[in-house]
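**Student:** Okay, handing you the structure first.
Every number here is computed from the coordinates shown, using simple stated rules; none is lab data. Not measured: the values here are computed from a predicted model. All Cβ positions, even for glycine, are placed from backbone atoms using ideal geometry, and neighbour counts span all protein chains on display.
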Amino acid sequence: MTVLESFDFDISVDDVLTFMGYNEGKPAPKKLLEKAQAMREKCLDIVKPRSVYQVYEIFEETLEMDGDAIRIGNSEQMGEFRGKILRKVLKGSLLAIVFVGTLGPDIDEEIDKLNSKGDDLTALILDTMGLYAFTKSKVRFLKELYTTEAKPRDFSLTEPFGPGQCHWDIREQKEIFTLLDADLVGVTLTESYMMTPKKSGSGIIGLGPENDIIDKTPCFFCERMDCQGREMQKMFGDKYAS
């Protein structure tokens, strides 16, 4: 099991404001812009990106069978996942990277502190910056995985896909957590299958020959159009973008 940390990235105030719905035709109010600029350094100071992952075998026969069950694991640990979109995402993959990542608890505590003081605007800005920072750290994580896990095998990576995304049952989190020691990065799972800290994410990434794997995001297979995932995809584009 591998732990990665200390991902270097910056936060673009312009990108954060765009994600909040502001643009050239609808510029952000001066007060909001000033607060966002002030919070940028604060956010960079308190987020502590860390990820844990493990490479497992995909039992190919389960991808070829009718139904939606997919078995991922090894001789010691096994997870059984269900989901039609997951099957499509993993088509052509020989291995699966199971991962959990987080920004740590400090940003959650700061947002709660701001809300308790009645500073809802600054809390909203920091919360949005946290979402942006988490996506940035995931891009860095993917680049590291490509360098250390995919390239040496002459493989490529699929897009990551996690429970709760594109209608994948959130209860599948329990299978991911059976395959990982998420305590290594300070992430726990609640009874309702939500992760703590809040700025955390989990999922599966396929590994396989470039010509065999599916080079599509989970959004490609999903009919939902009005979600944060699509907005972030537009903003960040290719998974290996800097």
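**Student:** Give me the dipole magnitude in Debye, nearest 20, for the chain about the Cα centre, with unit charges on the beta carbon: positive for Lys and Arg, negative for Asp and Glu.
**Tutor:** It works out to roughly 620 debye.
**Student:** Sorting 189, 157, 44 on the 10 Å Cβ count, fewest up front, what's the list?
**Tutor:** Listed from fewest to most nearby Cβ atoms, that is 44, 189, 157.
**Student:** Further question: What FRET efficiency comes out for residue 24 versus residue 88 if R0 is 41 angstrom and r is the Cβ-Cβ distance? Round to the nearest 0.05.
**Tutor:** 0.65
**Student:** If you don't mind, there's one more thing I want to ask. Kindly write out, for segment 145-151 in residue order, the coupling ³J(HN,Hα) from the Karplus curve 6.51 cos²θ - 1.76 cosθ + 1.60 (θ = phi - 60°), rounded to whole Hz, with x marking Gly and Pro.
**Tutor:** Values, residue by residue: 5, 4, 5, 8, 10, 8, 4 Hz.
**Student:** While we're looking at this one, here's another question. Can you tell me the order of 131-137, 119-125, 71-77 when each peptide is scored by its average per-residue count of other Cβ atoms within 10 angstrom, highest first?
**Tutor:** The densest-packed peptide leads the list: 131-137, 119-125, 71-77.
**Student:** Which one, 137, 125, 185, projects farthest toward the positive side of the charge dipole computed for the chain from Cβ point charges (K/R +1, D/E -1)?
**Tutor:** Farthest along the dipole direction, towards plus: 125.
**Student:** Straight-line reach from residue 174: which lysines have a Cα under 19 Å away, not including same-chain ones fewer than 8 places off?
**Tutor:** Partners found: 84, 198, 199.
**Student:** Rounded to whole Hz and in sequence order, give me ³J(HN,Hα) for segment 80-93 from the Karplus expression 6.51 cos²θ - 1.76 cosθ + 1.60, θ = phi - 60°, writing x for Gly and Pro.
**Tutor:** For segment 80-93, the Karplus curve yields 10, 10, 10, x, 5, 5, 4, 4, 5, 5, 8, 4, x, 7 Hz.
**Student:** Apply the Debye scattering formula to segment 119-201, with a single equal point scatterer on each alpha-carbon and no solvent, then give log10 I(q)/I(0) at q = 0.15 Å⁻¹.
**Tutor:** -0.73
**Student:** On to the next question. Once Rh is set to the Kirkwood radius over Cα pairs, what Stokes-Einstein translational diffusion coefficient, in µm²/s, holds for segment 65-175 at a temperature of 37 °C and a viscosity of 0.692 mPa s?
**Tutor:** Rounded, D is 197 µm²/s.
**Student:** Roughly speaking, what is the stretch gain from residue 8 to residue 74, that is 0.36 nm per residue apart minus the C-alpha to C-alpha distance, in nm to one decimal?
**Tutor:** 20.5 nm
**Student:** Hey, another quick one. Could you give log10 I(q)/I(0) at q = 0.08, 0.09, 0.11 Å⁻¹ for the chain, computed by the Debye formula over C-alpha point scatterers of equal weight, without solvent?
**Tutor:** With one equal scatterer per Cα and no solvent, log10 I(q)/I(0) is -0.32, -0.40, -0.59.
**Student:** If all Cα-Cα distances of segment 18-134 are sorted into 5 Å bins from 0 onward, what percent lands in each bin, rounded to whole numbers?
**Tutor:** Values per bin, smallest distances first: 2, 9, 16, 13, 10, 8, 9, 11, 10, 7, 3, 1.
**Student:** Tell me, what HN-Hα J-couplings in whole Hz come from the Karplus equation 6.51 cos²θ - 1.76 cosθ + 1.60 at θ = phi - 60° for each residue of segment 115-121, using x for Gly and Pro?
**Tutor:** 5, 5, 8, x, 8, 5, 5
**Student:** Another question, then. Under a crude label model (7 Å from the Cα following the beta-carbon direction), how far is residue 170 from residue 212 in nanometres?
**Tutor:** 3.6 nm
**Student:** Before anything else, pin down the relative contact order of the chain: Cα pairs under 8 Å, at least 6 apart, normalised by residue count, whole percent.
**Tutor:** 27 percent
**Student:** Rounded to whole Å, give me the distance from the Cα center of segment 1-54 to that of segment 165-219.
**Tutor:** About 22 Å separates the Cα centre of segment 1-54 from the one of segment 165-219.
**Student:** Counting only C-alpha contacts under 8 Å and six or more residues apart, can you give the relative contact order of segment 89-205 as a whole percent?
**Tutor:** With pairs under 8 Å counted, the relative contact order is 46 percent.
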